[in-house]
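Notes for the one structure printed next.
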């Protein structure tokens, strides 16, 4: 992890930041809401029919890497916690798909010592043989929470109330290494069916061909779930999309 993201700086809070085309300035979602009476219309205008992907991760470096590698292709909303996702959903913020980390701090660190301790899980993973990884997770279970699974449930429940489908991609380096069968996301099964896996998560300091390759695979996965979302829409919403009628943000105009 780059030195500028060591310690407390690694866990900078993000209540919701909008990222559009490269070269444009990031915009806090709260600022858009406060300065525009019809902020959803203002957001829709900014999107320019590009799909809006929410990216949820507690670590700044991961959010910055994702923005750097994907803002050319999608509009992005970055958030750092389940709490901020819930607030954005409650506000009715547009969303075409959610990409979320699984592991979040059980308690957000308040100083460099606490943050440094949380980040030591990566060192233990690297230093442990595969056979010892269940023991590693057992020792860290109280300090890390599987909030990504709860985010998947929250998004599914929100979309179901609106008679929509918002796919969720679970994005984690640690999950397949650490979690045992008792830890996995199971209930409700309808929410499980709405999740997809994105395992191409690199150390955020990774650049060059490895980063480009991972980002390309990630985009393929995101585009696939966007097609899934479009195909699952009700017939009249599909018709609106084909006619390019502006019902909703990009929800019914994806092609």
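The values are calculated or read from the model by the stated rules, or taken from the named source; none is laboratory data. Please read all numbers here as calculations on a predicted model, not as lab measurements. Neighbour counts are summed over all protein chains in view; Cβ atoms, including those assigned to glycine, are modelled from backbone coordinates with ideal geometry.
Out of segment 108-145, which residues are in contact with a helix residue (DSSP H, G or I) (Cβ under 9 Å, 6 or more places away or on another chain), exposed (fewer than 12 other Cβ atoms within 10 Å of the Cβ) and in a loop (DSSP other than H, G, I, E, B)?
110, 111
Which residues, counting only those in segment 70-90, are farther than 18 Å from residue 161 by Cβ, surrounded by fewer than 18 Cβ atoms within 10 Å (Cβ to Cβ) and in contact (Cβ under 8 Å) with a residue 40 or more places away in the chain?
72, 73
Going by the conditions given, is residue 204 crowded, with 18+ Cβ neighbours inside 10 Å, in contact (Cβ under 8 Å) with a residue 60 or more places away in the chain, over 23 Å from residue 141 (Cβ atoms) and touching a strand residue (DSSP E or B) at 6+ places or on another chain (Cβ under 6 Å)?
no
Taking residue 93 and the conditions (1) out of contact with any strand residue (DSSP E or B) (no Cβ under 6 Å at 6 or more places or on another chain); (2) assigned to a helix (DSSP H, G or I); (3) surrounded by 15 or more Cβ atoms within 10 Å (Cβ to Cβ); (4) at pLDDT 95 or above, which numbered condition does it fall short on, given that it satisfies the others?
Checking residue 93 against (1) out of contact with any strand residue (DSSP E or B) (no Cβ under 6 Å at 6 or more places or on another chain); (2) assigned to a helix (DSSP H, G or I); (3) surrounded by 15 or more Cβ atoms within 10 Å (Cβ to Cβ); (4) at pLDDT 95 or above, the one that fails is (2).
Which residue is farthest from the chain's Cα centre (by Cα), if the candidates are limited to segment 209-240 and must be under 14 Å from residue 49 (Cβ atoms) and either surrounded by fewer than 19 Cβ atoms within 10 Å (Cβ to Cβ) or modelled with pLDDT of 90 or more (or both)?
Selected residue: 240.
May I ask you to verify whether residue 163 is over 29 Å from residue 131 (Cα atoms), out of contact with any helix residue (DSSP H, G or I) (no Cβ under 7 Å at 6 or more places or on another chain) and either part of a loop (DSSP other than H, G, I, E, B) or in contact (Cβ under 8 Å) with a residue 24 or more places away in the chain (or both)?
For residue 163, the condition - over 29 Å from residue 131 (Cα atoms), out of contact with any helix residue (DSSP H, G or I) (no Cβ under 7 Å at 6 or more places or on another chain) and either part of a loop (DSSP other than H, G, I, E, B) or in contact (Cβ under 8 Å) with a residue 24 or more places away in the chain (or both) - is met.
Report the residue count in segment 33-59 for those that are part of a loop (DSSP other than H, G, I, E, B), within 24 Å of residue 151 (Cβ to Cβ) and touching a strand residue (DSSP E or B) at 6+ places or on another chain (Cβ under 9 Å).
Number of matching residues: 4.
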